[in-house]
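Undergrad: Can you read through this structure? Questions will come right after.
The values are calculated or read from the model by the stated rules, or taken from the named source; none is laboratory data. Everything quoted here is computed from the prediction, not taken from an experiment. In this analysis, Cβ positions are derived from the backbone assuming ideal geometry, glycine residues included, and neighbour counts consider all displayed protein chains.
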Amino acid sequence: MKQKVLVTGASGAFGSLTCIQLAENGHQVVGTMRSVSGKNESIARELQAKGVALVEMDVTREDSVNAGVQSAIALMGGLDTVFNNAGIGANGILECFTVADLRNMFEVNVFGVQRLMRAVLPYLRQQRKGTIIHTSSCIGRVTTPFLASYCASKYALESLAEGYRAELSGFGIESCIVEPGGFPTAFMSGMISPGDTDRMNQYGEMASLPETSIHGYVAYVQSIPEQRPERVAEAVLQLVNTPFGEKPFRTVVDFSGLKQPIENYNKVLNDTTKAIYTANAVENLLTLNKD
């Protein structure tokens, strides 16, 4: 069944490739980005040429999110699926990030998610059917040095998605999380750096390790033929095409060795969640209402 899909963060690799694959497979797609001009002009033209409608949206501003969602619904004549994909990264020694640094990232990765959910859910609840897909990360499941601030934002996203999954199931709204590993995209080079350089200097030789580490990691994933952002877009397309109510809650997309360990972790968490819900007599919240 063809879907009407809203994709945030359409200017990035995951977002743009997903928009294109969805459109090429007959789905109606609206992609969002902060601006369709400037640095995004080229990708905006490419998406439009593929049949993707574009709406300007800044997920850090509530008025922009609300207006963007209304425009997307008007353009498509409805809304079935939301791909909550906008995000930014951060790389550096954790102590050296100021509160303002972390707030800037959480404004996109966490608060931006909440703004979008509050904008789309009244519509989806009213029609009593819908699908939400969130872009998380394998390091939203395990924390790695120098990326801990970014990991924290994705841990938070995972918790929001868990909560929404339970609270929306009775309204016929299914929830999914996509957990990519690291992919060689512009996302890696666009990460936020710590703002407190004086504090960073106190770490001596370690101060250079975050940059050295990320460059080494990018070189590593570039050497893996399958570790390409197209695989993430394909995973999202597969989720959208999977019949309503049959989608897995979590999908790991990785070819660098993380997939099996993260899936094992997810299975243990899933079993634990079921046990806790059952003990608290709310296990029905894990069952999607398909009526």
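Undergrad: Counting only residues that are exposed (fewer than 12 other Cβ atoms within 10 Å of the Cβ) and either hydrophobic (A, V, I, L, M, F, W, C) or in a loop (DSSP other than H, G, I, E, B) (or both), how many does segment 246-289 have?
TA: 10
Undergrad: Do we have any residue at all in segment 133-154 that's polar (S, T, N, Q) and part of a helix (DSSP H, G or I)?
TA: yes
Undergrad: When segment 262-291 is examined, which residues are found to be free of Cβ contacts under 8 Å to residues at least 24 places away in the same chain and closer than 25 Å to GLN227 by Cβ?
TA: Correct list: GLU263, ASN264, LYS267, LEU269.
Undergrad: Looking only at residues in segment 1-11 that are touching an Asp or Glu at 6+ places or on another chain (Cβ under 8 Å) and surrounded by fewer than 22 Cβ atoms within 10 Å (Cβ to Cβ), which one is farthest from THR242 (Cα to Cα)?
TA: The extreme case among them is LYS4.
Undergrad: Sort out which residues of segment 85-123 are of a type in the set (Gly, Ala, Ser) and within 29 Å of ALA235 (Cα to Cα), and write them in order of number.
TA: Passing the criteria: ALA86, GLY87, GLY89, ALA90, GLY112, ALA119.
Undergrad: Being buried (at least 23 other Cβ atoms within 10 Å of the Cβ), outside any helix (DSSP H, G or I) and hydroxyl-bearing (Ser, Thr, Tyr) is the filter here, so list the residues in segment 12-60 that pass it.
TA: Residue satisfying the conditions is THR32 alone.
Undergrad: Scan segment 40-67 residue by residue and report those that are aliphatic (A, V, I, L, M) and more than 21 Å from the chain's Cα centre (by Cα).
TA: Once the filter is applied, which keeps residues that are aliphatic (A, V, I, L, M) and more than 21 Å from the chain's Cα centre (by Cα), segment 40-67 yields only ALA49.
Undergrad: Follow-up question, since we're still on this one. Does THR242 count as more than 29 Å from GLN28 (Cβ to Cβ) and polar (S, T, N, Q)?
TA: So THR242 does not fit the description; no.
Undergrad: So, one more: Return the pair list, or none, for Cβ contacts closer than 7 Å from residues in segment 136-161 that are among the acidic types (Asp, Glu) to residues that are at pLDDT 95 or above, at least 6 apart or on different chains.
TA: Every condition considered, the pairs that remain are GLU158/SER136; GLU158/GLY140; GLU158/ILE177.
Undergrad: Taking the criterion of being under 20 Å from the mean Cα position of the chain (by Cα), surrounded by 15 or more Cβ atoms within 10 Å (Cβ to Cβ) and assigned to a loop (DSSP other than H, G, I, E, B), would at least one residue in segment 220-235 satisfy it?
TA: Scanning segment 220-235, I find at least one residue that is under 20 Å from the mean Cα position of the chain (by Cα), surrounded by 15 or more Cβ atoms within 10 Å (Cβ to Cβ) and assigned to a loop (DSSP other than H, G, I, E, B), so the answer is yes.
Undergrad: Taking into account only those residues within segment 236-245 that are of a type in the set (S, T, N, Q) and closer than 20 Å to SER16 by Cα, which is surrounded by the fewest Cβ atoms within 10 Å (Cβ to Cβ)?
TA: Result: GLN238.
Undergrad: Looking at segment 207-218, which of its residues are surrounded by fewer than 13 Cβ atoms within 10 Å (Cβ to Cβ) and either hydroxyl-bearing (Ser, Thr, Tyr) or modelled with pLDDT of 95 or more (or both)?
TA: SER208, THR212, listed by residue number.
Undergrad: Could you tell me whether any residue of segment 94-116 is under 21 Å from SER11 (Cβ atoms), out of contact with any Leu (no Cβ under 8 Å at 6 or more places or on another chain) and in a loop (DSSP other than H, G, I, E, B)?
TA: no
Undergrad: Just one of (1) in contact (Cβ under 8 Å) with a residue 60 or more places away in the chain; (2) part of a helix (DSSP H, G or I) trips up LEU6, so point out which.
TA: (2)
Let's see how each residue does on (1) surrounded by fewer than 21 Cβ atoms within 10 Å (Cβ to Cβ); (2) out of contact with any Gly (no Cβ under 8 Å at 6 or more places or on another chain); (3) more than 24 Å from LEU6 (Cα to Cα):
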residue	(1), (2), (3)
GLY140	no, yes, no
SER159	yes, yes, no
GLY181	no, yes, no
PHE187	yes, no, no
THR197	yes, yes, yes
GLU205	yes, yes, yes
